[in-house]
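Let me begin by handing over the structure; questions about it come next.
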Amino acid sequence: MGTDSRAAGALLARASTLHLQTGNLLNWGRLRKKCPSTHSEELRDCIQKTLNEWSSQISPDMVREFPDVLECTVSHAVEKINPDEREEMKVSAKLFIVGSNSSSSTRNAVDMACSVLGVAQLDSVIIASPPIEDGVHLSLEHLQPYWEELQDLVQSKKIVAIGTSDLDKTQLEQLYQWAQVKPNSNQVNLASCCVMPPDLTAFAKQFDIQLLTHNDPKELLSEASFQEALQESIPDIQAQEWVPLWLLRYSVVVKSRGIIKSKGYILQAKRKSS
């Protein structure tokens, strides 16, 4: 493990971008933790094990080349959708913006998800509320740059439907009135409200917006937790130099049976320029 870690550390010291993808977690076998207690715990476990597997597969050629973009994967778990079965599958994703970076994260994440899964478009993408400073109330202005990018992706047929997460009635109404491509769903966290707010329910019903529930924490991945996972997996590294930009969680469901065929995470991180 020491040699693996040194090679990985050397690569990460020279690269500027890290693309981490778990592949299909249902294919992980022995790697998979039996029962992670939270989504955050599952994600951290996935990041560490993906880094460990990738470290153990580093070839001498890669170390000689020092690529600028590192593709960190669990190779045996990567699984593209069979084109003959595409119509039978619903491919959904939830996008979490982590770093305070440009809205182009949205396009990067969707393009990478399509590439990883071998599909031309995603059926549904929900965007989690972008990070804002403590004490600041989420406004339409915070959402607009990301929603504009999502609208472009719908218009270019990379996504069929787009939705939001954790918007109250006022926020959802403002977005709906402004947006060219309307949200078709809004996720509500049941930890914060056991019953759907009546005003939100009435608005969603009037404009045919599906209300869904979720139990993701407010911050699924923080900069600090990513750096800790990186440091534990690869001790020979300046982990504080690396910042996660976005995280995408996807699932592939067989429409007729409601069975999950594939699920996983994709993440992009950048090294801070010195």
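Starting at the first residue of the range 171-176, write each ³J(HN,Hα) from the Karplus equation 6.51 cos²θ - 1.76 cosθ + 1.60 with θ = phi - 60°, in whole Hz, x for Gly and Pro.
These are the phi-based 3J(HN,Hα) values: 5, 5, 5, 5, 5, 4 Hz.
Averaging over every viewing direction, what projected area does the convex hull of the Cα atoms of the range 167-265 cover, in nm²?
9.6 nm²
How would you order 249-256, 79-86 from highest to lowest mean count of nearby Cβ atoms within 10 Å? Don't jump to the answer; show the numbers that get you there.
Numbers: 249-256: 17.2, 79-86: 12.4.
The peptides rank, most packed first, as 249-256, 79-86.
Highest mean first, how do 198-209, 18-29, 56-67 rank when packing is the count of other Cβ atoms within 10 Å averaged over residues? The partial results should precede the final answer.
Numbers: 198-209: 14.2, 18-29: 19.7, 56-67: 11.8.
Ranked from most to least packed, the peptides come out as 18-29, 198-209, 56-67.
Tell me the label only: which of (1) 176; (2) 147; (3) 224 is volume of the Cα convex hull per residue in Å³ as calculated from this structure?
Looking at volume of the Cα convex hull per residue in Å³ for this model, the match is (2).
Looking at the square roots a ≥ b ≥ c of the eigenvalues of the Cα gyration tensor of the range 98-228, which shape do they give, rounded for a/c under 1.5, prolate if a/b is larger than b/c, or oblate?
oblate
Considering the zone a paramagnetic label at residue 196 would reach in this model (a point 7 Å from Cα along the Cα-to-Cβ line), which residues of the range 212-242 have amide N under 16 Å from it?
The answer is 212-215.
Taking the Cα centre of each part, how many Å lie between the range 49-91 and the range 191-216?
37 Å
For the chain, give me the percentage of DSSP beta bridges that are antiparallel, rounded to the nearest 5 percent.
The antiparallel proportion sits near 55 percent.
Can you give me the distance in nm between label points at residue 64 and residue 208, each placed 7 Å from the Cα along the Cα-to-Cβ direction?
6.0 nm
Hey, any idea what % of the range 35-94's accessible area is carbon plus sulfur with a 1.4 Å probe? Working shown, then result.
Values: 1640 of 3250 Å².
That share works out to 51 percent.
How much length is gained on full extension from residue 37 to residue 157, taking 0.36 nm per residue of separation minus their Cα-Cα distance?
On the way: separation 120, 0.36 × 120 = 43.20 nm, distance 3.67 nm.
This chain segment gains 39.5 nm when fully extended.
Can you give the FRET efficiency for residue 13 and residue 123, using 1/(1 + (r/R0)^6), R0 = 35 Å, r = Cβ-Cβ distance, to the nearest 0.05?
0.35
Another question about this same structure. Choose one of 48, 247, 29: the residue whose Cα lies farthest towards the positive end of the charge dipole of the chain (beta-carbon charges +1 Lys, Arg; -1 Asp, Glu; about the Cα centre).
Result: 29, furthest along the dipole toward the positive end.
At a probe radius of 1.4 Å, what is the per-residue accessible area of residue 214, in Å² to the nearest 10?
So the heavy atoms of residue 214 present about 20 Å² to solvent.
Using helices alone, I'd like the mean residue ellipticity at 222 nm for the chain: each DSSP H run of four-plus residues gives -39500 (n - 2.57), total over residue count, nearest 500.
Per the formula, -11000 deg cm²/dmol.
Here is a further query. Each label point is 7 Å from the Cα along the Cα-to-Cβ direction; what then is the distance between the points at residue 241 and residue 115, in nm?
Once both label points are built, they end up 2.3 nm from each other.
Sort the range 53-138 into rounded, prolate or oblate with this rule: let a ≥ b ≥ c be the square roots of the eigenvalues of the Cα gyration tensor; rounded if a/c is under 1.5, and if a/c is not under 1.5, prolate when a/b is larger than b/c, oblate otherwise. Write out the running numbers ahead of the final one.
Values: a/c = 2.65, a/b = 1.18, b/c = 2.24.
Cα axes put the range 53-138 in the oblate bin.
Counting Lys +1, Arg +1, Asp -1, Glu -1, what net charge surrounds residue 264 among other residues with beta carbon under 10 Å of its beta carbon?
+1
The values are calculated or read from the model by the stated rules, or taken from the named source; none is laboratory data. Values in this document were obtained by computation on a predicted structure and should not be read as measured data. In this analysis, Cβ positions are derived from the backbone assuming ideal geometry, glycine residues included, and neighbour counts consider all displayed protein chains. Quick note on the areas: whole protein, heavy atoms, side chains included, nothing else; ligands and nucleic acids left out. Shrake-Rupley method; radii C 1.70, N 1.55, O 1.52, S 1.80 Å.
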